[in-house]
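The values are calculated or read from the model by the stated rules, or taken from the named source; none is laboratory data. Note that the structure is a prediction, hence the values are computed from the model and not measured. We place every Cβ from the backbone using ideal geometry, glycine too, and count neighbours over all the protein chains shown. Side chains included, ligands, DNA and RNA excluded: accessible areas come from the protein's heavy atoms. Shrake-Rupley method; radii C 1.70, N 1.55, O 1.52, S 1.80 Å.
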Amino acid sequence: MNYEVVIGLEVHAQLKTSSKIFCSCSTAFGAAPNENTCPVCTGMPGALPVVNARAVEYAVKMALAVDCTVNRTSLFARKNYFYPDLPMGYQISQFDLPVAEHGHIFIHTEKGEKRIGITRIHMENDAGKNIHSTVDNVSYVDLNRAGVPLIEIVSEPDMRSAGEAVAYLKNLRAILVYLGICDGNLEEGSFRCDANVSIRPFGQREFGTRAELKNMNSFRNIQRAIEYEVERQIDLVEEGGQVIQETRLFDAAKGVTRSMRGKEEAHDYRYFPDPDLPPLVIREEWIEKWRSELPELPAARCRRFREELGLPAYDAEVLTAEKDVADYFEKTLSAGAEPKKVSNWIMGELLRELNDRGATLAECGFRPEELAALIRLVDGGLISGTIAKTVFKDLFATGGDPEAYVRTKGMVQISDNSALEGFVDEVLTENPAEVERFRAGDRKLTGFFVGQVMKKSRGKANPALVNKLLAEKLG
């Protein structure tokens with residue numbers, strides 16, 4: 001490819017406050033339309049906004065977590081545009097003086113670690129929601145979301161592929177969730193992203209004309225949208241056309257981007273300081289207090305898992321990508337289990353069950369101490385690893401004492417030599433051709449014989465003893 005891809009991302013993260021950013025209305029998701037509203041968030045004349053202190057705290061904590069400089073004084077501004085779900089006729093945001101600037105995070109790429117700059121973090125209120133009914137040929141406006149607190153995190157144009165963009169977003173989302181300031185739900189819109197995508201010939205310093213992509217509600221769709229847009233722009237330029245600056249929507253069903261409108265510039269919004277809100281002054285002691293309250297963040301936790309627990313880098317990255325998974329892992333360790341064994345179980349059985357069931361970890365009834373007990377049953381030889389996987393699957397939703405369960409269900413491993421010898425003799429007698437091939441040097445058949453014994457014992461045979469008996473009888 002003769003072109004370099006340039007990507008910058010604008011992420012909107014909904015803050016997990018109980019009330020809106022400039023009024024006391026609830027931010028609870030799923031309320032009846034227009035239930036969580038008041039004169040302030042519906043833009044009634046004379047209603048005055050008051051900034052939510054918790055929202056300020058959360059914005060500053062995010063700024064500190066990504067090494068931004070927190071501005072001791074910042075300004076709220078009116079961003080003027082008309083849309084039916086914007087009752088004030090403007091959005092309260094920040095422009096010249098945002099709450100924080102000049103930060104960064106690191107992502108892992110095929111070429112190693114890469115620094116992605118963060119231009120700014122600013123606070124703003126969300127708009128409402130338009131609901132269109134093609135059946136009734138009408139549109140409805142729900143203002144429950146109007147006034148919900150957001151932070152917008154604007155990156156530098158430092159990403160050079162869709163993969164890098166997704167890696168950046170996953171890291172950013174993980175930080176927000178670890179901080180406890182955003183639930184990171186892409187489907188509900190509490191974590192959403194606009195991507196600015198352009199191309200330029202390799203070696204050219206000037207940026208190309210960018211298109212802004214919207215309507216992407218999953219990491220997979222973000223990657224698909226960017227990849228399609230890159231190909232579209234390259235094809236357009238190669239055919240002698242020009243990329244125009246515009247906003248494009250991603251059609252997930254067809255996997256294409258479509259033109260929505262011309263892309264606005266800052267001057268189109270006619271920003272000016274909001275006369276109803278005084279400058280936001282953040283005291284030094286507040287910043288230091290909030291800094292002291294920061295939890296261990298994903299990168300630090302990942303490093304600790306590698307250095308102190310001896311986990312491979314891949315395991316550590318998978319386990320720390322989601323806070324609840326990392327917490328489950330550490331609670332299992334505390335219940336008395338070895339790190340690598342717990343890692344294998346979580347990365348294998350736990351994540352597989354969650355994926356197959358379309359469930360969240362909160363829906364898993366099998367507690368960390370029960371997983372530790374299950375691992376000990378395998379280590380002690382009471383059950384095999386295969387039976388343990390069945391037990392985990394059976395108890396995933398409800399939980400329960402794994403030892404009591406296996407004894408009640410008759411799943412205890414057979415470790416009696418005489419009983420196992422009978423199974424081994426049957427298998428060898430029934431498979432003379434395989435026995436001859438084994439003795440002729442085909443040692444790979446050991447797995448076949450073990451599998452046949454396990455089948456006859458309904459998975460209860462002790463694999464280690466079966467291997468020992470086979471070695472003795474086959475020579």
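Summing +1 for each Lys or Arg and -1 for each Asp or Glu among the other residues whose beta-carbon sits under 11 angstrom from that of Leu75 gives -1. The simple spin-label model puts a point 7 Å past each Cα toward its Cβ; for Asp235 and Asp356 those points are separated by 4.0 nm.
Tell me what the chain gives for mean residue ellipticity at 222 nm when only DSSP H runs of n ≥ 4 count, each as -39,500 (n - 2.57), the sum divided by the residue total, rounded to 500 deg cm²/dmol.
Per the formula, -11500 deg cm²/dmol.
Taking all Cα pairs closer than 8 Å and separated by 6 or more residues, the relative contact order of the stretch 3-286 comes to 24 percent. The residues of the chain have, on average, 49 Å² of accessible surface per residue, using a 1.4 Å probe with all protein chains present.
Applying the Kirkwood pairwise sum to the alpha-carbon positions of the stretch 417-474 produces a hydrodynamic radius of 11.1 angstrom. At 1.4 Å probe size, with the rest of the protein present, what percent of the exposed accessible area of the chain is carbon and sulfur atoms? Here carbon and sulfur together make up 51 percent of the probe-accessible area. Over the stretch 3-286, the alpha carbon radius of gyration divided by the compact-protein estimate 2.2 N^0.38 Å works out to 1.02. When Rg and Dmax are taken over the Cα atoms of the stretch 133-230, they come to 16.4, 54 Å. According to the calculation over all Cα-Cα pairs in the chain, the P(r) per 10 Å bin from zero is 4, 16, 21, 21, 15, 10, 7, 4, 1, 0 %.
Per the Cα gyration tensor, the stretch 297-409 maps to an equivalent ellipsoid with semi-axes of 24, 16, 11 Å, ordered largest to smallest.
In this view, the solvent-accessible surface of Glu284, computed with a 1.4 Å probe and all protein chains in place, comes to about 80 Å². Taking 13 Å as the cut-off, the amide N atoms of the stretch 396-432 that come nearer than this to a point 7 Å along the Cα-to-beta-carbon line of Lys331 belong to 399-400.
Within the stretch 37-146, the proportion of C-alpha pairs whose separation exceeds 25 Å stands at 41%. Across the stretch 235-310, C-alpha contacts under 8 Å between residues 6 or more apart give a mean separation that, scaled by the residue count, equals a relative contact order of 15 percent. Using 0.36 nm per residue and subtracting the Cα-Cα separation, the extra length available between Arg54 and Thr408 on full extension is 122.3 nm. Taking 0.36 nm per residue of sequence separation and removing the Cα-Cα distance, the Ser418/Ala321 pair yields an extension gain of 30.1 nm. Averaging the Cα positions of each part gives two centres, and for the stretch 102-127 and the stretch 386-428 these lie 50 Å apart. For the stretch 244-356, the calculated P(r), taken from all Cα-Cα distances in 5 Å bins from zero up to the bin holding the longest distance, is 2, 9, 12, 11, 8, 7, 9, 13, 13, 10, 6, 2, 0 percent.
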